[in-house]
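The values are calculated or read from the model by the stated rules, or taken from the named source; none is laboratory data. None of the values given here were measured: they were computed from a predicted structure. FYI the Cβ positions are ideal-geometry reconstructions off the backbone, even for glycines, and counts take in every protein chain you see.
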Amino acid sequence: MSGPDTTSHSVLAESAYRDDRHLAARQSLYRWQQPSYDMPGLVLDHLAARHGVVLDIGCGNGKYVTRLRAQRPNLTVIGLDISAGILANVGAPVIVANAASLPVADHSAVAVLAMHMLYHVEDVHAALEQAVRVLAPGGVFIASTNARDDKTELDDLWAAAAADVLGVERGPRRISLSSRFALDDAPDMLRPYFADIRVLELPGTITVREPEPVIAHLASYRAWADAAGVPFDTTLDRARRLLDDMIDRDGAFRISCRGGILLCHTTK
């Protein structure tokens, strides 16, 4: 079976990100990570000396937009997303737009953000070309994503649950979003477009002592359930029981995280 199409416009806009319910579930898991990282704060640090327009492409529920507007009122922060639904609670200005075709003037932005979203773009290179086009000389492009070995414990949990449901030795892995733009490959993908690329790795460990945050995270992939290769709800229930057993045995369930931010600059 082929993998799920994590770039489908209709799935993204009408299901996965129709509202922020699934995104919020994935975001909330990081509340249990140590060390914790203030991602919007890190972005703010790298925009400290900049003034003008900032575009947050694929802004989702506005986590970065809201923070930047609150702390840097001298910036004009515009949120863009393909889903009108998820933009409903993000204050104006916002634009419903595809990252590969931005309705924005050339060289008009001092910064472009693409936080945990480029793996959803069907043509990543077209999106990067657009980012370069709209950036002013000396502008900064800030992206984030996860490495291939991020949260492998969730892969193992889902595979074990799927194996039990299917009656096989090893079940299919959970749906991967980051693999199309993984931290491992991202610098090479960005190098043709930017003069300077720096990777800020953000490793950590999530420790949970009850199953709900993990189950909510796994359930947030429901938009791609038809391509998961298993009965989704049955596998989710089995994962919950396995997780209960592990927490009872070990006192906690630990997840290894390896994400990062990519800081890229255009030539002046």
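So E201 clears everything in (1) surrounded by 14 or more Cβ atoms within 10 Å (Cβ to Cβ); (2) without any contact (Cβ under 8 Å) to a residue 60 or more places away in the chain except one condition, right? Which one?
(1)
Pairs please, first residue from the stretch 161-187 and over 10 Å from T235 (Cβ atoms) and modelled with pLDDT under 95, second anywhere and of a type outside the set (A, V, I, L, M) and not in a helix (DSSP H, G or I), Cβ atoms under 6 Å, 6+ apart in sequence or on different chains.
The qualifying pairs are I175/P4; I175/Y221; L177/T6; S178/T145; S178/N146.
Output the residue which, of all residues in the stretch 36-79 that are touching a Leu at 6+ places or on another chain (Cβ under 8 Å) and hydroxyl-bearing (S, T, Y), is nearest to A131 (Cα to Cα).
Out of the qualifying residues, it is Y64.
Among the residues of the stretch 112-126, write down those that are among the aliphatic types (A, V, I, L, M), crowded, with 20+ Cβ neighbours inside 10 Å and either touching a Lys or Arg at 6+ places or on another chain (Cβ under 6 Å) or outside any strand (DSSP E or B) (or both).
Those that are among the aliphatic types (A, V, I, L, M), crowded, with 20+ Cβ neighbours inside 10 Å and either touching a Lys or Arg at 6+ places or on another chain (Cβ under 6 Å) or outside any strand (DSSP E or B) (or both): M117, L118, V121, V124.
Looking only at helices (runs of 4 or more DSSP H) that fall completely inside the stretch 179-255, which ones have 1 or more residues that are closer than 29 Å to A136 by Cβ? Give the steps one after another, and end with the answer.
Numbers: elements: 186-190, 212-219, 232-250.
The helices (runs of 4 or more DSSP H) meeting that bar are 186-190.
Does at least one position in the stretch 185-200 carry a residue that is small (G, A, S) and more than 19 Å from the chain's Cα centre (by Cα)?
Within the stretch 185-200, one or more residues are small (G, A, S) and more than 19 Å from the chain's Cα centre (by Cα).
Among L177, L236, L262, which is the only one that is farther than 30 Å from D38 by Cβ and in contact with a helix residue (DSSP H, G or I) (Cβ under 7 Å, 6 or more places away or on another chain)?
Of the residues listed, the single one that is farther than 30 Å from D38 by Cβ and in contact with a helix residue (DSSP H, G or I) (Cβ under 7 Å, 6 or more places away or on another chain) is L236.
Taking the stretch 235-268 as the search range and keeping residues that are of a type in the set (S, T, N, Q) and within 29 Å of H9 (Cβ to Cβ), which one is modelled with the lowest pLDDT?
Among residues in the stretch 235-268 that are of a type in the set (S, T, N, Q) and within 29 Å of H9 (Cβ to Cβ), the one modelled with the lowest pLDDT is T266.
Note down all Cβ pairs under 7 Å where the first residue falls in the stretch 40-61 and is over 21 Å from A99 (Cβ atoms), the second is in a loop (DSSP other than H, G, I, E, B) and not hydroxyl-bearing (S, T, Y), and they're at least six residues apart or on different chains.
L44/R72; H51/N74
Any chance you could count how many residues in the stretch 99-123 are more than 24 Å from C257 (Cα to Cα), in contact (Cβ under 8 Å) with a residue 12 or more places away in the chain and not charged (D, E, K, R)?
Step one: list which residues in the stretch 99-123 are more than 24 Å from C257 (Cα to Cα), which gives 99-112, 122-123.
From what's left, in contact (Cβ under 8 Å) with a residue 12 or more places away in the chain: 99-102, 104-112, 122-123.
Add one more test, that the residue is not charged (D, E, K, R), and what stays is 99-102, 104-105, 107-112.
Count: 12.
Note down all Cβ pairs under 6 Å where the first residue falls in the stretch 12-29 and is within 16 Å of M115 (Cβ to Cβ), the second is aromatic (F, W, Y) and surrounded by fewer than 18 Cβ atoms within 10 Å (Cβ to Cβ), and they're at least six residues apart or on different chains.
none
R209 is checked against (1) in contact with a Gly (Cβ under 9 Å, 6 or more places away or on another chain); (2) under 30 Å from L135 (Cβ atoms) and fails just one. What number does that condition carry?
(2)
Here are some residues: T207, T266. Which one is in contact (Cβ under 8 Å) with a residue 60 or more places away in the chain, surrounded by fewer than 19 Cβ atoms within 10 Å (Cβ to Cβ) and either at positive phi or β-branched (V, I, T) (or both)?
On the way: T266 fails: surrounded by fewer than 19 Cβ atoms within 10 Å (Cβ to Cβ).
Result: T207 is the single residue among T207, T266 that is in contact (Cβ under 8 Å) with a residue 60 or more places away in the chain, surrounded by fewer than 19 Cβ atoms within 10 Å (Cβ to Cβ) and either at positive phi or β-branched (V, I, T) (or both).
For V134, are the conditions met, namely being of a type in the set (A, V, I, L, M, F, W, C), touching a residue at least 24 places away in the same chain (Cβ under 8 Å) and touching a helix residue (DSSP H, G or I) at 6+ places or on another chain (Cβ under 7 Å)?
It is false that V134 is of a type in the set (A, V, I, L, M, F, W, C), touching a residue at least 24 places away in the same chain (Cβ under 8 Å) and touching a helix residue (DSSP H, G or I) at 6+ places or on another chain (Cβ under 7 Å).
Of all residues in the stretch 48-80, which are under 15 Å from F141 (Cα atoms) and either in contact with a His (Cβ under 6 Å, 6 or more places away or on another chain) or part of a loop (DSSP other than H, G, I, E, B) (or both)?
A48, A49, R50, H51, G58, C59
Working carefully through the options Y221, Y193, find the one that is of a type outside the set (D, E), touching a strand residue (DSSP E or B) at 6+ places or on another chain (Cβ under 8 Å) and within 30 Å of V112 (Cβ to Cβ). I'd like the intermediate steps shown before the answer.
Details: Y221 fails: touching a strand residue (DSSP E or B) at 6+ places or on another chain (Cβ under 8 Å).
That would be Y193, the only listed residue that is of a type outside the set (D, E), touching a strand residue (DSSP E or B) at 6+ places or on another chain (Cβ under 8 Å) and within 30 Å of V112 (Cβ to Cβ).
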